[in-house]
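Since the structure comes first, as structure tokens, the remarks are kept for the end.
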Amino acid sequence: MSSFTIQQSFSARFLDLKLKQVRLAHPEQSLPSPPSSDSGASSSSPAEGDYFLRSLKECLEIYEEPSRARSDSLALLSDEEVILLANNGKIAAYALEKLFGMSELERAVRIRRALISRVSSTKSLESSTIPFESYDYSRVLGACCENVVGYIPIPLGVAGPLNVDGTSYPIPMATAEGTLVASTSRGCKALNAGGGVTTVLVGDAMTRGPAIDFPSVALAGQAKAWIDSEQGHAILREAFESTSRFAKLKSLKTAMAGRTLYVRFATSTGDAMGMNMISKGTEKALDAMQKRFPEMVVLALSGNYCTDKKPAAINWIEGRGKSVVAEAVVPGDIVKSVLKTTVKDLCNLNIKKNLIGSAMAGSIGGFNAHASNILTAIFLATGQDPAQNVESSMCMTLMEPTGMDGEDLLVSVTMPCIEVGTVGGGTVLAAQQGVLEMLGVRGAHPQQPGKNAQTLARVIASAVLAGELSLLSALAAGHLIKAHMAHNRSQANSPASSLPVTPGARL
Ligand code: ADP
């Protein structure tokens, strides 16, 4: 850095300090708005005690100096001067990170907060409790979020450990719902006492379902027959798989509605959740199909036949992402001592609530008590796409007596759509990577691509099993209200939890 640059950036920092002092000294006054023209601002050197802001013209000269990189020019301007340029349309708020460069990402965020704050009705963002400092924005840029103004911290708890397929895992849960972690932990304890959870992965395929229009039903029908034929399938698969070494096309399901053809591409995606990967593959496959059917019009790469982030029977029936079944046997004495209920009460409640109650409500995939609670908390902790909790939480919880005299409890969850990855998306963020590391599934599996993501899905299904067991036991034993009061007692007037509060009837 030249001495000129050092001096200038020192004076920029000095100016920011002075502005902060003005703000502190006069909290009731908002900062003077940057002038809309260059007429009102001083162009003299800053002096101790002065409020100094260079004119728009001066700022523009510095900013647009052709011999310097934009990021170097911005380093010579104070935050308020950058705000002046932005407010006069010389800098776009969305492009701040690009202009500042990788070493000044936090400054870009700070300035965007000020810009947004000052035009908002509350003017609160700039000095709000929303944190923004000491965050690795380089992982966010171009990947996770735009127009960043900070980050939202969520408490992270750990339930368990839980024994899943012979390995003990801490269960990370990011949640603001009191009792959730404690309750899941109690379920883990009961499951461990019976030897832990056994899981089976019955499917692993992410899906994309484009909508394709044809000029006639006859042509749409021909295209459907071609896709369903060995030859058509082979051509589409070759094109699809050319886009990634991890994408392996598993099946193509076709359906017609009038002249529109829907094709559900199902593919394994290694350790990625896979939406990006499968979209690229589908696009390439449709290009190949277009050569055979030049009249076809691809209306949308996602024609909702996928179905992503929306309730749909096709996901429940066919599966999407990882399809996992997890089961355990809980000894009768543990049901009594840890879960404070009986096998008979639990099985009765499970049938009446999770099976019949959900059937009465016309549910699709909602045959559970609160699978979404556990799954979403783990999704948030591990950098998954929380919007996919819609289908990922689909779950059927089953309970029946087992053992010589039916004294023990056989419990299982069937979850056909756990959509998770350990590479890509929010898994690149530092904290989320730390959680994945704690589970031993961070990043790509070194020998068997896909194994890390599959293990994460198995752990999630097992944790859901623990959550189901504990909540149903609490309901059966009428414990729920007491548990909430105990765990939330420090929060006077806290709003009611989303957990149901109806105690199960004793038989
Ligand atoms: P998604 O497809 O879930 O949206 P991304 O496309 O962001 O995720 O991330 C997947 C990227 O990671 C791809 O570029 C892929 O080549 C790369 N990758 C590296 N190792 C693996 C792996 N084991 N499984 C899947 N993808 C991997």
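The values are calculated or read from the model by the stated rules, or taken from the named source; none is laboratory data. In this text, all values refer to a predicted model and were calculated from it rather than measured experimentally. A quick note on method: Cβ atoms are made from the backbone with ideal geometry, for glycine too, and the neighbour counts reach across all protein chains shown. Ligands, DNA and RNA are stripped out before the accessible areas are found, and what is left, the full protein with its side chains, is counted by its heavy atoms. Shrake-Rupley method; radii C 1.70, N 1.55, O 1.52, S 1.80 Å.
Remark: region 285-358 carries 45 Å² of accessible area per residue (probe radius 1.4 Å; ligands, DNA and RNA excluded).
Using the Cβ-Cβ distance between residue 352 and residue 202 with R0 = 35 Å, the FRET efficiency computed as 1/(1 + (r/R0)^6) comes to roughly 0.80. Restricting attention to region 213-316, the count of lysine pairs at 8 or more positions apart or across chains with alpha carbons under 24 Å apart stands at 24. A simple rule links phi to the HN-Hα coupling: the Karplus curve 6.51 cos²θ - 1.76 cosθ + 1.60 with θ = phi - 60°, which for region 176-187 gives 10, 9, x, 6, 5, 5, 4, 5, 5, 4, 4, x Hz, with x for Gly and Pro. Our coupling estimate for region 295-300, obtained by passing each phi through the Karplus curve with A = 6.51, B = -1.76, C = 1.60 and θ = phi - 60°, is 7, 6, 10, 7, 6, 7 Hz, Gly and Pro reported as x.
When the Karplus curve 6.51 cos²θ - 1.76 cosθ + 1.60 is applied with θ = phi - 60°, which whole-Hz ³J(HN,Hα) does each residue of region 438-447 get, with x for Gly and Pro? Working through the residues one at a time gives 4, 7, x, 10, 6, x, 7, 5, x, 9 Hz.
Computed over region 268-384, the percent of Cα pairs more than 24 Å apart is 51. Taking label positions 7 Å along the Cα-Cβ direction at both residue 72 and residue 257, the computed distance is 5.8 nm, reported to one decimal.
When only Cα pairs below 8 angstrom with a gap of at least 6 residues are kept, region 364-430 shows a relative contact order of 34 percent. Applying the criteria of a DSSP loop state and at most 14 other Cβ atoms within 10 Å to the GluC sites (Glu not before Pro) of region 62-98 yields 64. Net length available on complete extension from residue 400 to residue 297 is 31.9 nm, with 0.36 nm assigned per residue and the Cα-Cα distance removed. Going by Cα centres, region 332-369 and region 193-210 are how many Å apart? With region 332-369 and region 193-210 each reduced to a Cα centre, they are spaced 21 Å. The portion of the accessible surface of region 291-344 made up by carbon and sulfur, rounded to a whole percent, is 59 (1.4 Å probe; DNA, RNA and ligands excluded).
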